[in-house]
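K.L.:
One structure, as structure tokens, below. Some questions next.
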Amino acid sequence: MSEDSARTKKIAIIGGDGIGPEVVAQGVRILDVFREQKGYPLELIHYDFGADRYLRDGVTFPEEAQRVIREECDAVLLGALGDPRVPGLEHARDILFGLRFGLDLYCNVRPVVCLSDRLMPLKNRTAADVNFTVFRENTEGIYVGMGGQFKRGTPDEVAINEDLNTRKGVERIIRAAFEFAKETGAKKVHMADKSNAMRHAHELWLRVFEEVGAEYPELERQHYYVDALCLYLIQDPTEFEVIVTCNLFGDIITDLAAGFQGGMGMAASGNIRPGAVSMFEPVHGSAPPIAGKDIANPLATVLSVGMMLTHLGYEGDEALLSGIVKDAVESGHVTRDVGGELGTKATGDWVVAELKKRLS
Ligand code: ATP
């Protein structure tokens, strides 16, 4: 065991709202198996932040917890945030932005893999035709909340949201995508923008893509306007290996891409700051209509735990978990959204049993 793999790794666990705690509970069981069966030195710190806590005592994301996560933790496993009882989403904003901006998690990394032909929605295509990774900028763009409303509720109302792009922000996400492509042996990096319409902000993306891309002569680079890229993704997903884009377009492209994966219950993500504490979460939200019914698909969380283990330096476990998820889909040990009949917990039981078997 190397010195780093022997060091205790602290993981903050935040289930959050809606189906978040249900799916995260299954992710925690996976971590427990790795702890018990492979002896991984993982210390889990459970936090009850979310709408219940906020409504009970007004707490969203206390300073001390932020400090512990920032200074002591190696990773965060998050479920989802969002609850109809908090229509202004004050708690969600504090927690999500506290993590994303507080830890400067600038790479939202979303692997798009179709694990089984059973999940492939396109005709004349197989699961092998979909295998790409989206690098979504995670700290800037339209999501920073700059703007405002003027003369609200009158016929002269004005509503503005600014799209904030900095040279530093654009450059670091584009570089991260090229670095990832180089490390994983990809041949091509695509960048999606809308520089024909958003001439100022997205011309910066176009220019930086060319400049940074020139430092990687072994990698082909291709720029598409985002609308065209959405079309080409459906027409021929095999063209894509790594896609880098801004915060807003990354949000949209990855929901579209989740359609290749079997839906929101199958899509995993990492909010990463290379070499630093990073956060892993399923792409889906808190899905209030299905919360508390034991029907949410926990597999996106299982796959997110796989990404986390890779980030923590444990090699091979992500592939192991993804193989188990593939077998769960192919053998029908899954929830209704992907064609099975199991509940959230029973799906977790199956995955945990398989993991124990494969690790023994
Ligand atoms: P957000 O704004 O946070 O993205 P949202 O309400 O737009 O959230 P989700 O919460 O992701 O979207 O869910 C939308 C719908 O997708 C849910 O109502 C549910 O039907 C389905 N869904 C999402 N996640 C899952 C899951 N893990 N298992 C099964 N169905 C899911």
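FYI, it's all coordinate maths here, none of it is from the lab. The structure displayed is predicted, hence computed values, not measured ones. With ideal geometry, Cβ positions are generated from the backbone for all residues, glycine too; neighbour counts draw on all protein chains shown.
K.L.:
Please report, ordered by residue number, the strands (runs of 3 or more DSSP E) entirely within the stretch 154-236 with at least 3 residues that are touching a residue at least 40 places away in the same chain (Cβ under 8 Å).
P.N.:
Working: elements: 158-161, 188-193, 220-225.
In the stretch 154-236, the matching strands (runs of 3 or more DSSP E) lie at 188-193.
K.L.:
Across the stretch 124-153, which residue is nearest to Glu210 (Cα to Cα) among those that are part of a helix (DSSP H, G or I) and not acidic (Asp, Glu)?
P.N.:
Keep residues of the stretch 124-153 that are part of a helix (DSSP H, G or I), which gives 127-129, 142-144.
Next, from what is left, pick out any that are not acidic (Asp, Glu): 127-128, 142-144.
Details: Ala127: 32, Ala128: 30, Ile142: 23, Tyr143: 25, Val144: 26 Å.
Per the criteria, the residue is Ile142.
K.L.:
Among the residues of the stretch 64-85, what is the count of those that are more than 13 Å from the ligand (Cβ to nearest atom) and either of a type outside the set (Lys, Arg) or in contact with a Cys (Cβ under 6 Å, 6 or more places away or on another chain) (or both)?
P.N.:
Count: 12.
K.L.:
What residue, among those in the stretch 125-162 that are hydrophobic (A, V, I, L, M, F, W, C) and over 21 Å from the mean Cα position of the chain (by Cα), is farthest from Asp251 (Cα to Cα)?
P.N.:
Of the stretch 125-162, the ones hydrophobic (A, V, I, L, M, F, W, C) are 127-128, 130, 132, 134-135, 142, 144, 146, 150, 158-160.
So of that shortlist, the ones also over 21 Å from the mean Cα position of the chain (by Cα) come out as 128, 146, 150, 158-160.
Details: Ala128: 24, Met146: 18, Phe150: 27, Val158: 25, Ala159: 22, Ile160: 20 Å.
Restricting to residues being hydrophobic (A, V, I, L, M, F, W, C) and over 21 Å from the mean Cα position of the chain (by Cα), the top hit is Phe150.
K.L.:
To continue, here is another question. I'm trying to understand the selection: among the residues of the stretch 284-338, which are more than 16 Å from Cys114 (Cβ to Cβ), part of a helix (DSSP H, G or I) and near the ligand (Cβ under 10 Å from one of its atoms)?
P.N.:
Across the stretch 284-338, the qualifying residues are Pro288, Pro289, Ile290, Thr301, Arg336.
K.L.:
Could you tell me whether any residue of the stretch 250-273 is more than 16 Å from the ligand (Cβ to nearest atom), touching a helix residue (DSSP H, G or I) at 6+ places or on another chain (Cβ under 7 Å) and part of a helix (DSSP H, G or I)?
P.N.:
no
K.L.:
For Ala276, which of the numbered conditions (1) in contact (Cβ under 8 Å) with a residue 60 or more places away in the chain; (2) near the ligand (Cβ under 8 Å from one of its atoms); (3) of a type in the set (A, V, I, L, M); (4) assigned to a loop (DSSP other than H, G, I, E, B) fails to hold?
P.N.:
Among (1) in contact (Cβ under 8 Å) with a residue 60 or more places away in the chain; (2) near the ligand (Cβ under 8 Å from one of its atoms); (3) of a type in the set (A, V, I, L, M); (4) assigned to a loop (DSSP other than H, G, I, E, B), the lone unmet condition for Ala276 is (2).
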